[in-house]
């Protein structure tokens, strides 16, 4: 069975984040009116709206983790509008080590990421890591 085409922008976003290639994300993966929904109480929580705000958020993730943050997908589940990704989240920040699991849900429109929701399995761990 072949992979649903909506998986591509989600998969490519993780590869580009790992490489720190925000230009690729901006130019190829994000819809103009993209929104990233980030839960929790941490310094980066909240809705990040529009390409510039999402890229600022991703840049801060890289800066705060000294580019160590990695999303390692375990599985992609896709239909004609959404992609759900089961993933492992790892990184280092100020002597703290993050090694957790979570789910991202993407809404894909015309092959671009229009929205992304983040659901960590343990939001307290994420809040502590980014506090």
- [ ] Confirm whether residue 85 is within 19 Å of residue 7 (Cα to Cα), modelled with pLDDT of 95 or more and touching a strand residue (DSSP E or B) at 6+ places or on another chain (Cβ under 9 Å).
- [x] yes
Task: Hits in region 64-85 (condition: under 17 Å from residue 122 (Cβ atoms) and loosely packed, with under 15 Cβ neighbours inside 10 Å) - done: 72, 74
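Scan region 71-92 for residues that are within 19 Å of residue 22 (Cβ to Cβ) and either over 11 Å from the mean Cα position of the chain (by Cα) or free of Cβ contacts under 8 Å to residues at least 24 places away in the same chain (or both) and jot them down.
Going residue by residue through region 71-92, those that are within 19 Å of residue 22 (Cβ to Cβ) are 71, 89, 91.
If the condition is that a residue be within 19 Å of residue 22 (Cβ to Cβ) and either over 11 Å from the mean Cα position of the chain (by Cα) or free of Cβ contacts under 8 Å to residues at least 24 places away in the same chain (or both), then 91 is the only one that fits.
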- [ ] State which residue is surrounded by the fewest Cβ atoms within 10 Å (Cβ to Cβ) when the search covers only region 15-52 and only residues that are assigned to a helix (DSSP H, G or I) and touching a strand residue (DSSP E or B) at 6+ places or on another chain (Cβ under 8 Å).
- [x] 18
- [ ] List every residue pair whose Cβ atoms lie under 8 Å apart, where the two residues are 6 or more positions apart in sequence or sit on different chains, the first residue falls within region 9-34 and is over 10 Å from residue 54 (Cα atoms), and the second residue, located anywhere, is at pLDDT below 95 and assigned to a loop (DSSP other than H, G, I, E, B).
- [x] 17/69; 20/67
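Of the residues 118, 123, 131, which single one is within 16 Å of residue 41 (Cβ to Cβ) and at pLDDT 95 or above? If you could, list the steps in order and put the result at the bottom.
Values: 123 fails: at pLDDT 95 or above; 131 fails: at pLDDT 95 or above.
Exactly one of 118, 123, 131 is within 16 Å of residue 41 (Cβ to Cβ) and at pLDDT 95 or above, namely 118.
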TODO: Tell me which of these residue 121 doesn't satisfy, since it passes every other one: (1) touching a helix residue (DSSP H, G or I) at 6+ places or on another chain (Cβ under 6 Å); (2) more than 24 Å from residue 4 (Cα to Cα).
DONE: (1)
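Just to be sure I understand, how many residues within region 86-107 are touching a helix residue (DSSP H, G or I) at 6+ places or on another chain (Cβ under 6 Å) and under 23 Å from residue 8 (Cβ atoms)? I'd like the intermediate steps shown before the answer.
Our first condition is that a residue be touching a helix residue (DSSP H, G or I) at 6+ places or on another chain (Cβ under 6 Å); within region 86-107, this holds for 93, 96, 98, 100, 106.
Going one step further and asking which of them are under 23 Å from residue 8 (Cβ atoms), we end up with 106.
The total comes to 1.
On the basis of being closer than 21 Å to residue 5 by Cα, at pLDDT 95 or above and in contact with a helix residue (DSSP H, G or I) (Cβ under 8 Å, 6 or more places away or on another chain), does residue 48 make the cut? Break it down stepwise before answering.
Numbers: closer than 21 Å to residue 5 by Cα: no; at pLDDT 95 or above: yes; in contact with a helix residue (DSSP H, G or I) (Cβ under 8 Å, 6 or more places away or on another chain): yes.
So residue 48 does not fit the description; no.
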Task: Evaluation of residue 108 against (1) at pLDDT 95 or above; (2) surrounded by fewer than 15 Cβ atoms within 10 Å (Cβ to Cβ); (3) on the phi < 0 side of the Ramachandran plot (one fails), failing number - done: (2)
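The values are calculated or read from the model by the stated rules, or taken from the named source; none is laboratory data. Quick caveat: nothing in here was measured; it's all calculated off a predicted structure. Please note: Cβ atoms are built from the backbone with ideal geometry, for glycine as well, and neighbour counts cover all protein chains shown.
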